[in-house]
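K.L.:
What follows is a structure written as structure tokens; I'll ask about it next.
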Amino acid sequence: LKQVLFKSPNEPPMVFHWFPIIGSTITYGMDPPKFFHENRKKHGDCFTFILLGKKTTVYVGPEGNNFILNGKIRDVNAEEIYTVLTTPVFGKDVVYDCPNAKLMEQKKFMKIALTTEAFRSYVPIISDEVTSYLKRTPDFKGQSGVVNICPKMAQITIFTASHALQGKEIRDQFDEKLADLYHDLDMGFSPINFMLHWAPLPWNNRRDHAQRTVAKIYMDTMKRRRARGDDGQKDMMQHLMNSTYKNGTKVPDHEIAHMMIALLMAGQHSSSSTSSWIMCRLASRPDVMEALYQEQIDNLGKDLPPLKYEDLAKLPLNQAIVKETLRLHAPIHSIMRAVKSPMPVPGTKYVIPTDHVLLAAPGVSATDSQYFPEPDKWEPARWQKDHPLAPSMVRNEDEINEEEEEKIDYGYGLVSKGSASPYLPFGAGRHRCIGEHFANVQLQTITAEIVRAFKFRNVDGSDKVIGTDYASLFSRPLEPANIYWERRN
Ligand code: HEM
């Protein structure tokens, strides 16, 4: 109580609240971006609020993003925050249930499997999964109809990701038992489990049973593969089976199984939320959907041949759709770190003490008019050169001059040290997303296939956009997110 009620003069300003432990938990939880924007207006870029009894310091803007996400390992720690939620879902000895140095090695193994060569094989897999889904799903039968797009996108995401990343053998099991088991695992990811992760509640029992069963399915698959001998499979599982830690030990089967769960879960919510938002936005802007269709005809040919990896680079508007959607609808609105040693905030009198949690919200700078003219407008074309709404201070990775930019090797590949960017939907620093390229390939391919198949509009024909559901850990469109679809002839 003392910690919550009193503050030293060097702590950032505190958001006003009536009740000591609850603090601002409810106003924050209802609409985190609104909470951040409002308090930033009152207090500046760095301020503290009470979240479930804990002093939580938000630092927004490019400097804040850099301060938190590029924090040194002796200053900030992610695993202390996330492990209660992730370890029961993923399993032991991976991600946040191990020292950070081990996670860095695990990320390196997983990242090496996500190469251009792999992506080349993924695009046809993803395309086929989407077209076959659209053919067999009753909600898409006929010439037109109305559909709640979110559950459809969740299914398309799991089928495309499991097939591409985990191979056909695992993908085929999603039609039977794996989909239900992953659904049970998902229950472990609800925010209430930050407090009740240990409780013998029915959904936690189902989560634990699902974790053991899914891990066993992966371990049995590995055993079968070994018995068969190397049959040249190049997927993630095979790659992890061939990986060795720096200390010379091979990655044990249970860790591979747990990494496979972690990868699928990490990608599932973020990608399925993003693809749902893309579809909702296209329904509110049929002109953009038509421009996308025309872009494919102009750049790939009138007969629209099957999509290849190389085609994605020929569709700049299609690429911009993903970028612009992630700017306004980044599924991870709050990134948290425990503070391990007092952290002075450069250029201010503030020092963040060790009893605070730090919270980065890159979505705030991504919707700041200082960097993005008319920030609330969803305008994919702004990502094209010389557009009047083009962003400032955002550089593509391929534009970063390697000599000018100091780089550090976190063990899983070089990462740009200068992460003081207003646009970081995939995070930055040692915990930066390894799935960015995969997500882009997956989302661009899904979008291109949907554009080939349908015209969308809002059911009432308006340009309205649905609100955001912040009730789970990853924000997503409120349901039902109904879209009117019409098949292209
Ligand atoms: C980390 C976003 C897709 C795997 C992260 C982080 C963000 C993020 C913001 C940093 C979290 C932190 O600093 O605490 C996204 C978005 C995605 C996406 C917006 C899709 C649109 C994926 C996919 C995969 C994946 C498809 C797997 C194939 C990971 C992993 C980490 C990560 C392994 C590292 C966690 C850590 O080091 O602590 N992602 N992600 N993500 N993501 Fe993604």
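The values are calculated or read from the model by the stated rules, or taken from the named source; none is laboratory data. Quick caveat, the model's predicted, so the values are computed rather than measured. Methodologically, a virtual Cβ is constructed for each residue, glycine included, from the backbone with ideal geometry; neighbour enumeration extends over all protein chains shown.
K.L.:
Could you give me the residue pairs with C-beta distances under 8 Å whose first residue belongs to the stretch 37-64 and is farther than 19 Å from residue 365 by Cβ, whose second residue is surrounded by fewer than 21 Cβ atoms within 10 Å (Cβ to Cβ) and of a type in the set (Phe, Trp, Tyr) wherever it lies, and which are 6+ apart or on separate chains?
P.N.:
Filtered contacts from the stretch 37-64: 52/194.
K.L.:
I would also like to ask the following. Which condition does residue 85 not pass, out of (1) away from the ligand (no atom under 11 Å from the Cβ); (2) at pLDDT 95 or above; (3) on the phi < 0 side of the Ramachandran plot; (4) buried (at least 18 other Cβ atoms within 10 Å of the Cβ), if it passes all the others?
P.N.:
(2)
K.L.:
Follow-up. Looking at 226, 207, can you tell me which residue is among the charged types (D, E, K, R) and under 23 Å from the mean Cα position of the chain (by Cα)?
P.N.:
207
K.L.:
Could you check the stretch 18-70 and list, in sequence order, the residues that are at pLDDT below 95, assigned to a loop (DSSP other than H, G, I, E, B) and either under 25 Å from residue 432 (Cα atoms) or not β-branched (Val, Ile, Thr) (or both)?
P.N.:
Answer for the stretch 18-70, where residues must be at pLDDT below 95, assigned to a loop (DSSP other than H, G, I, E, B) and either under 25 Å from residue 432 (Cα atoms) or not β-branched (Val, Ile, Thr) (or both): 18, 19, 20, 24, 52, 53, 70.
K.L.:
Separate question: Closer than 30 Å to residue 81 by Cα, polar (S, T, N, Q) and away from the ligand (no atom under 16 Å from the Cβ): is that true of residue 325 in this structure?
P.N.:
no
K.L.:
Now for a different question. Tally the residues that are crowded, with 16+ Cβ neighbours inside 10 Å and in a helix (DSSP H, G or I), restricting the search to the stretch 183-197.
P.N.:
Total satisfying the criteria: 5.
K.L.:
Go through the stretch 240-261 and give me each residue that's surrounded by fewer than 20 Cβ atoms within 10 Å (Cβ to Cβ) and within 13 Å of the ligand (Cβ to nearest atom).
P.N.:
Once the filter is applied, which keeps residues that are surrounded by fewer than 20 Cβ atoms within 10 Å (Cβ to Cβ) and within 13 Å of the ligand (Cβ to nearest atom), the stretch 240-261 yields nothing.
K.L.:
How about the stretch 198-233: which of its residues are hydroxyl-bearing (Ser, Thr, Tyr) and either loosely packed, with under 11 Cβ neighbours inside 10 Å or within 12 Å of residue 260 (Cβ to Cβ) (or both)?
P.N.:
Once the filter is applied, which keeps residues that are hydroxyl-bearing (Ser, Thr, Tyr) and either loosely packed, with under 11 Cβ neighbours inside 10 Å or within 12 Å of residue 260 (Cβ to Cβ) (or both), the stretch 198-233 yields 218, 221.
K.L.:
Sticking with this structure for a sec: Looking at (1) away from the ligand (no atom under 16 Å from the Cβ); (2) surrounded by 15 or more Cβ atoms within 10 Å (Cβ to Cβ); (3) modelled with pLDDT under 90, find the lone condition where residue 416 falls short.
P.N.:
Checking residue 416 against (1) away from the ligand (no atom under 16 Å from the Cβ); (2) surrounded by 15 or more Cβ atoms within 10 Å (Cβ to Cβ); (3) modelled with pLDDT under 90, the one that fails is (1).
K.L.:
Now for a different question. Here is a check on your reading of the model: is residue 236 at pLDDT below 95 and either surrounded by 13 or more Cβ atoms within 10 Å (Cβ to Cβ) or at negative phi (or both)?
P.N.:
Taking the combined requirement at face value, the residue satisfies it.
K.L.:
Then there's this: Could you check how many residues of the stretch 292-310 are surrounded by 17 or more Cβ atoms within 10 Å (Cβ to Cβ) and either without any contact (Cβ under 8 Å) to a residue 12 or more places away in the chain or hydrophobic (A, V, I, L, M, F, W, C) (or both)?
P.N.:
Total satisfying the criteria: 3.
K.L.:
Tally time: how many residues in the stretch 420-438 are within 22 Å of residue 105 (Cβ to Cβ) and of a type outside the set (Asp, Glu)?
P.N.:
12
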